[in-house]
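The values are calculated or read from the model by the stated rules, or taken from the named source; none is laboratory data. Everything numeric in this text was worked out from a predicted model, so none of it was measured. Neighbour counts are summed over all protein chains in view; Cβ atoms, including those assigned to glycine, are modelled from backbone coordinates with ideal geometry.
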Amino acid sequence: MPEPPSHRLPEPDRPWMMRTYAGHSDARRSNELYRRNLEKGQTGLSIAFDLPTQTGYDPDHELAKGEVGKVGVSIAHKGDMETLLDGIPLDQMNTSMTINATAAWLLALYIVAAEDQGVPEDKLQGTTQNDILKEYLSRGTYAFPPGPSMRLIADTIAYTVEHVPKWNPINICSYHLQEAGATPVQEIAFTMCNAIAVLDAVKQRVPQELMGSVFGRISFFVNAGVRFIEEHAKLRAMATLWDELGRERYGVEDEKHRRLRYGVQVNSLGLTEAQPENNVYRIALEALAVTLGRNARARAIQLPAWNEALGLPRPWDQQWSLRLQQILAYETDLLEYPDIFEGSKVMDGLVSELLEGAREEMHRVAELGGAVEAVDYMKASLVESHRKRWQRIESGDQIAVGMNKFTSTEPSPLTAGADGGILVVDPEVEAERVRAVQSWRAERDQAAVDAALARLAETAQNDHENIMPVTIAAARAGATTGEWSQTLREAFGEYRAPTGVGDAVAGGSEDLAEVREEVERISEGLGRRLKFLVGKPGLDGHSNGAEQIAVRARDAGMDVVYEGIRLTPSQIATSAAQEGVHVIGLSILSGSHRELIPAVLDALREAGVADVPVVVGGIIPEADAAALREAGIAAVYTPKDWNLNGMMRDIISLVAERHGLQSAVGA
Amino acid sequence: MTSFRSSPNVTASRAPSALDPGRRVADGRELGRRLRDHDLTAASAALNLIESRAPDDREQARALLAEVSPAALGREAPAHIVGITGPPGVGKSSLLSRLVAHWRSRQRSVAVLAVDPSSRRSGGSLLGDRARIETDPRDREVFIRSTAAGSRLGGLAPATRAAADALAAAFDVVVIETVGVGQSETEVADAVDTVAVVVQPASGDVLQFLKAGIMEVPDVLVLTKTDLGAVATRAMADLRAALLALGASDTEVCAVSSVPPATGIAELAQALDAHRAALDLPDRRRTARRRHALENFAVEHGELGLRALGGRVQAERWLNGQDPDLDVPSLERALADRAESRG
């Protein structure tokens, strides 16, 4: 038989795993969606949980208000998990769960649901995201302080390596770092430092001979932006560093164990609300970044939908993105060749450039004592990078087609429909879920649940015992997500991550200087410096926008009260009243604005500060925006309002107007 | 001739400026009365006034402070004013969360003035400190207000002392929280009854500052993070040894842990109370008020003003002869009058 030529593979590669990040409302509705998606040719599941599930609250908790079933499915106990996976054979399915603070719990529910199907845990395949450091840095769905969180991660790894050997217990994420503004160098370096922190913690909890398999089970979840050549180089650089780390730091001998395995969801940060149809091209180009070169190709891909900057995608929008993957894998010749970048001077040059930068940055984090100790540093670096990115967009140095250039457009037929081109979650879902969890609690064997939670509390206090077996026992007994989390909150304490805004460098531009002058003038008239409260009500942890507003307002000369994420309406109202602020800005991206904004307005009234003007920013459809203005919101901003200085002008003139001062700027 | 009066004697009528044709001015005397009657809902509006630099607001702020002055109260304001200070990252806010909870469990109302370390850039500031103090937002007897530190790390915001004086009439405990080491505690000491400096294990700088005399021995030393075990035991021993060498071995050292289950909080609260009980309160407050007035005067009128008073020492001596119950603005005005008559 003749040797195959070196520029062709003897036979094409198998396609990557194709998933869609999906789930909403309750288990029954999401199960229907999953079955339909699998029929369409999706090859794995990717479960999106709602924010209460991700942060460990039951649907009837005060903080869950407005968030139940919004950005994902609400799962409160094993009954929900069984319904969610009903009719999906778990011995064959490969399931990725985007779950972090409560990963140990959701994995336990999955194991128990599989038991129910008669599938033993050692047959299960899938991934729990389980990466807490990036939650502190970017995504915000943390629950416990760093120490105990790292222990939970180490425990799930130690448990799965032994009992669920085909499971990826952690998916270390660079994805959310890029969403928070990371440069490629920062993305690589912080992710690797994060991996080191995890591995060092696991090292204490598993025998050395298992470290090879532990290393081999660690996978990554990366991002890919539209600069797709450099993005591909980034992945090659990560593969090099990962191999190096395995060999040098952890003594992993098997080369297979040292291979970088990663899944990907491509960039959402660069998707625009303006001319949203253009996002389809962006997504396609970003998909190339993670598939073009065979040496650093993704194992699993999920693509965002074209309308993510508008609201939640509908099943059809997600289907459109799945079809893109299928065309790439089944119609193009992508999978027929060996690595197409081997020997490329450009690619090698880019990789070594990134490696050099990343090593330097990793060194800095190591000097600070590692990733856990360096959370403040990393967070501040991300906020700073994001600030610079935003400044480039505002100045026009970075072009976003349809947003800050080529803005004249025909009306888009895609958003012309009655639903505005997005999914709207049935508002009845929350009430249904509240009733459902309450009747679940009423009908189960309470004594068994109490005993299981008592064991859990005991184990939490004993650092030498693995938390997984008692967690699985609690799942089996019928405990709820909120109960499991509350037990651990009591044992471990609560935590607020750094906001990173304090250290961001002050920016300057001529335009800003003008705004600053106006702040000075109005402050003079007010008697004290214009004071601005930036608040994030609800469970949504996507704080990048709020952080950039806070930093810009500070740079414009305001006194800014920013308390970070996850505030209740009454916390926000109390702060506004006690701090004596002149204006309030609220940011919500989870779609819960219709419930939460009126709740904040009520709380402000109750606190006696109803006269303080409120503006709102977030992913807010126009119909909702009109309703909010009706309810008394002074202004609503969406991703198309990318000019922050313009927003500052509005805010200043709003304050001036309320205080009977003459403003020289703004609307 | 130079005028040393800080502002024209504005009374009820005022000419509206072009800039603020319709601005409402709060009634300082009324707010002062409400604070005196322990109406905690007056706190925020009172601070808005005290922080303001608008001439008519300042006049009202003076009226407010007069209402809560020892002269008006017939005694020193009853609150315990506590300063809590220390380097960044030692766990002051977690500690404060526990302390506030402790005081609340004993039905004592608490006001916290958090002086945020974030330095002003471009005039603006980011204030995020209140978030780190966990409280029940519906509890109306806890009040937290944050202000920017100003240009210096750990420095008091210009209005913080006046704010503490005002709130001391209404709340049971008033805390001034600042960040820094080596200088901030001295400044805080002038504004409070009891200073607690917070340190964590292995923070060698504090030990060095103490030994070198850069930092004065505080009323209470707090060692946090004692859940760290051996490191903490060692740190405790080092602190005690340093205090012994400084001849201050009777200084209370409290070891606390704020992670659950929190420990040492009740003991710390007790140590703070004990310090206050042993204090000659009128003397400490009077001294603080006089220093405060002179400082304000110096900021306003500079070297020229001090010279008109015959220099700082002369001015201090003169202040010592004044009515002990005078509030700060009255003392300031007296200084200005004196400078004017001598100048």
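Confirm whether residue A:490 is at the interface with chain B (Cβ under 8 Å from one of its Cβ atoms), part of a helix (DSSP H, G or I), modelled with pLDDT of 80 or more and under 30 Å from residue A:374 (Cα atoms).
Details: at the interface with chain B (Cβ under 8 Å from one of its Cβ atoms): yes; part of a helix (DSSP H, G or I): yes; modelled with pLDDT of 80 or more: yes; under 30 Å from residue A:374 (Cα atoms): yes.
Yes; evaluated as a whole, the condition is true for this residue.
With the condition kept exactly as written, say whether any residue in region A:60-71 is in a loop (DSSP other than H, G, I, E, B), modelled with pLDDT under 95 and within 30 Å of residue A:328 (Cα to Cα).
Scanning region A:60-71, I find at least one residue that is in a loop (DSSP other than H, G, I, E, B), modelled with pLDDT under 95 and within 30 Å of residue A:328 (Cα to Cα), so the answer is yes.
Would you check if there is a residue in region A:631-642 being at pLDDT below 95, closer than 12 Å to residue A:594 by Cα, surrounded by fewer than 20 Cβ atoms within 10 Å (Cβ to Cβ) and in the same structural domain as residue A:597 (by TED's automatic domain parsing)?
Yes, that holds for at least one residue.
Each row is one residue, and each column tells you yes or no for (1) surrounded by fewer than 23 Cβ atoms within 10 Å (Cβ to Cβ); (2) assigned to a helix (DSSP H, G or I).
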| site | (1), (2) |
| --- | --- |
| A:585 | no, no |
| A:595 | yes, yes |
| A:599 | yes, yes |
| A:602 | yes, yes |
| A:611 | yes, no |
| A:624 | yes, yes |
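Contact list please: Cβ distance under 8 Å, first residue in region B:38-56 and more than 8 Å from chain A (Cβ to nearest Cβ), second residue among the β-branched types (Val, Ile, Thr) and surrounded by fewer than 21 Cβ atoms within 10 Å (Cβ to Cβ), pairs at least six apart or on different chains.
B:55/B:10; B:56/B:10; B:56/B:25
For region A:1-46, what are the residues that are surrounded by fewer than 21 Cβ atoms within 10 Å (Cβ to Cβ), in contact with a strand residue (DSSP E or B) (Cβ under 8 Å, 6 or more places away or on another chain) and hydroxyl-bearing (Ser, Thr, Tyr)?
Within region A:1-46, A:21, A:43 qualify.
Can you tell me which residue within region A:403-423, out of those that are in contact with a Lys or Arg (Cβ under 9 Å, 6 or more places away or on another chain) and farther than 29 Å from residue A:78 by Cβ, is modelled with the lowest pLDDT?
Going through region A:403-423, the residues in contact with a Lys or Arg (Cβ under 9 Å, 6 or more places away or on another chain) turn out to be A:403, A:419, A:421-423.
Cutting the leftovers down to farther than 29 Å from residue A:78 by Cβ gives us A:403, A:419, A:421-422.
Details: A:403: 92, A:419: 85, A:421: 88, A:422: 90.
Going through the qualifying residues, I end up with A:419.
Residues B:111, B:148: which one is at the interface with chain A (Cβ under 8 Å from one of its Cβ atoms) and either modelled with pLDDT under 85 or crowded, with 19+ Cβ neighbours inside 10 Å (or both)? Give the derivation first.
On the way: B:111 fails: at the interface with chain A (Cβ under 8 Å from one of its Cβ atoms).
Only one candidate qualifies: B:148.
Residues in region A:493-516: is at least one crowded, with 24+ Cβ neighbours inside 10 Å, more than 26 Å from the chain's Cα centre (by Cα) and either facing chain B (nearest Cβ under 9 Å) or basic (Lys, Arg) (or both)?
For region A:493-516, residues crowded, with 24+ Cβ neighbours inside 10 Å, more than 26 Å from the chain's Cα centre (by Cα) and either facing chain B (nearest Cβ under 9 Å) or basic (Lys, Arg) (or both): absent.
Could you tell me whether any residue of region B:267-280 is small (Gly, Ala, Ser) and farther than 21 Å from residue B:101 by Cα? Write out each step before concluding.
As a first pass, look at region B:267-280 and keep what is small (Gly, Ala, Ser): B:269, B:271, B:274, B:277-278.
With farther than 21 Å from residue B:101 by Cα added as a condition, the list becomes B:277-278.
Yes; the residues of region B:267-280 include at least one that is small (Gly, Ala, Ser) and farther than 21 Å from residue B:101 by Cα.
How do the helices (runs of 4 or more DSSP H) wholly within region B:31-78 filter down when requiring 2 or more residues that are charged (D, E, K, R): which remain? Can you show your working first?
On the way: elements: B:43-51, B:55-67, B:70-73.
Passing ranges, in order: B:55-67.
Please work out which residue is nearest to the other protein chains (Cβ to nearest Cβ), limiting yourself to region A:549-566 and to residues that are in a helix (DSSP H, G or I) and among the basic types (Lys, Arg).
In the first step, residues of region A:549-566 are kept if they are in a helix (DSSP H, G or I); the result is A:549-555.
Going one step further and asking which of them are among the basic types (Lys, Arg), we end up with A:552, A:554.
Values: A:552: 9, A:554: 4 Å.
Within region A:549-566, the match that is nearest to the other protein chains (Cβ to nearest Cβ) is A:554.
So for region B:256-264 (the condition being touching a strand residue (DSSP E or B) at 6+ places or on another chain (Cβ under 7 Å), assigned by TED's automatic domain parsing to the domain that holds residue B:233 and in contact (Cβ under 8 Å) with a residue 60 or more places away in the chain), does at least one residue qualify? Even if it seems obvious, please write down each step before you answer.
Initially, region B:256-264 is screened for residues touching a strand residue (DSSP E or B) at 6+ places or on another chain (Cβ under 7 Å), giving B:256-257, B:263-264.
Right, trim to assigned by TED's automatic domain parsing to the domain that holds residue B:233 and you get B:256-257, B:263-264.
Right, trim to in contact (Cβ under 8 Å) with a residue 60 or more places away in the chain and you get B:256.
Checking region B:256-264: at least one residue is touching a strand residue (DSSP E or B) at 6+ places or on another chain (Cβ under 7 Å), assigned by TED's automatic domain parsing to the domain that holds residue B:233 and in contact (Cβ under 8 Å) with a residue 60 or more places away in the chain.
If residue A:100 satisfies every condition in (1) in contact with an Asp or Glu (Cβ under 7 Å, 6 or more places away or on another chain); (2) modelled with pLDDT under 95 but one, which is the exception?
Result: residue A:100 fails condition (2) only.
Which ones in region B:186-209 are at pLDDT below 75 and crowded, with 17+ Cβ neighbours inside 10 Å?
B:203, B:206, B:207
Report, by residue number, each residue of region A:79-130 that is in a loop (DSSP other than H, G, I, E, B) and within 16 Å of residue A:485 (Cβ to Cβ).
If the condition is that a residue be in a loop (DSSP other than H, G, I, E, B) and within 16 Å of residue A:485 (Cβ to Cβ), then A:99, A:100, A:101, A:102, A:130 are the ones that fit.
Take region B:51-93 and flag every residue that is small (Gly, Ala, Ser) and more than 30 Å from residue B:258 (Cβ to Cβ). Full working, then the answer.
Here is the first cut: in region B:51-93, the ones small (Gly, Ala, Ser) are B:52, B:54, B:61, B:63, B:66, B:69, B:71-72, B:74, B:77, B:79, B:83, B:86, B:89, B:91, B:93.
Of everything in region B:51-93, those that are small (Gly, Ala, Ser) and more than 30 Å from residue B:258 (Cβ to Cβ) turn out to be B:52, B:54, B:61, B:63, B:66, B:69, B:71, B:72, B:74.
Is at least one residue of region A:169-180 buried (at least 24 other Cβ atoms within 10 Å of the Cβ), under 20 Å from residue A:473 (Cα atoms) and of a type outside the set (D, E, K, R)?
Yes; the residues of region A:169-180 include at least one that is buried (at least 24 other Cβ atoms within 10 Å of the Cβ), under 20 Å from residue A:473 (Cα atoms) and of a type outside the set (D, E, K, R).
Scan (1) more than 13 Å from every other protein chain (Cβ to nearest Cβ); (2) over 31 Å from the mean Cα position of the chain (by Cα) for the single condition residue A:526 breaks and write down its number.
With (1) more than 13 Å from every other protein chain (Cβ to nearest Cβ); (2) over 31 Å from the mean Cα position of the chain (by Cα) applied to residue A:526, the lone miss is (1).
Here is a yes/no grid of residues against (1) under 16 Å from residue A:168 (Cβ atoms); (2) without any contact (Cβ under 8 Å) to a residue 24 or more places away in the chain; (3) buried (at least 20 other Cβ atoms within 10 Å of the Cβ):
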residue: A:52; (1), (2), (3): no, no, yes
residue: A:58; (1), (2), (3): no, no, yes
residue: A:73; (1), (2), (3): no, no, yes
residue: A:81; (1), (2), (3): no, no, yes
residue: A:85; (1), (2), (3): no, no, yes
residue: A:102; (1), (2), (3): no, no, yes
residue: A:116; (1), (2), (3): no, no, no
residue: A:122; (1), (2), (3): yes, no, no
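Residue-by-condition table, conditions (1) of a type in the set (S, T, N, Q); (2) assigned to a helix (DSSP H, G or I); (3) under 19 Å from the mean Cα position of the chain (by Cα):
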residue: B:260; (1), (2), (3): no, no, no
residue: B:275; (1), (2), (3): no, yes, yes
residue: B:282; (1), (2), (3): no, yes, yes
residue: B:285; (1), (2), (3): no, yes, yes
residue: B:290; (1), (2), (3): no, yes, yes
residue: B:294; (1), (2), (3): no, yes, yes
residue: B:305; (1), (2), (3): no, yes, no
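Please specify each residue of region A:442-467 satisfying the condition of being in a helix (DSSP H, G or I), modelled with pLDDT of 95 or more and under 19 Å from residue B:260 (Cα atoms). It would help to see each step written out before you state the result.
Initially, region A:442-467 is screened for residues in a helix (DSSP H, G or I), giving A:442-443, A:446-461.
Next, from what is left, pick out any that are modelled with pLDDT of 95 or more: A:442-443, A:446-460.
Matches in region A:442-467: A:453, A:454, A:455, A:456, A:457, A:458, A:459, A:460.
Can you tell me which residue is farthest from residue A:478 (Cα to Cα) among those in region A:424-447 that are out of contact with any Gly (no Cβ under 7 Å at 6 or more places or on another chain) and hydrophobic (A, V, I, L, M, F, W, C)?
Taking the candidates together, the pick is A:424.
Give me the pairs: first residue in region A:310-338 and closer than 13 Å to residue A:40 by Cβ and in the same structural domain as residue A:298 (by TED's automatic domain parsing), second residue modelled with pLDDT of 95 or more and in a helix (DSSP H, G or I), beta-carbon distance under 6 Å, and six or more apart or on different chains, which are they?
Going by the 6 Å Cβ cut-off, the qualifying pairs are A:324/A:284.
Answer yes or no as to whether residue A:438 is within 30 Å of residue A:27 (Cβ to Cβ) and in a helix (DSSP H, G or I).
Values: within 30 Å of residue A:27 (Cβ to Cβ): yes; in a helix (DSSP H, G or I): yes.
Taking the combined requirement at face value, the residue satisfies it.
Taking residue A:655, is it at pLDDT 95 or above, touching a strand residue (DSSP E or B) at 6+ places or on another chain (Cβ under 7 Å) and within 14 Å of chain B (Cβ to nearest Cβ)?
Numbers: at pLDDT 95 or above: yes; touching a strand residue (DSSP E or B) at 6+ places or on another chain (Cβ under 7 Å): yes; within 14 Å of chain B (Cβ to nearest Cβ): yes.
For residue A:655, the condition - at pLDDT 95 or above, touching a strand residue (DSSP E or B) at 6+ places or on another chain (Cβ under 7 Å) and within 14 Å of chain B (Cβ to nearest Cβ) - is met.
Going through region A:567-583 one residue at a time, which ones are assigned to a helix (DSSP H, G or I), within 7 Å of chain B (Cβ to nearest Cβ) and not charged (D, E, K, R)?
From region A:567-583, those assigned to a helix (DSSP H, G or I) are A:569-579; that's our starting set.
Adding the requirement that they be within 7 Å of chain B (Cβ to nearest Cβ) leaves A:570-571, A:574-575, A:577-579.
Scanning region A:567-583 gives A:570, A:571, A:574, A:575, A:577, A:578.
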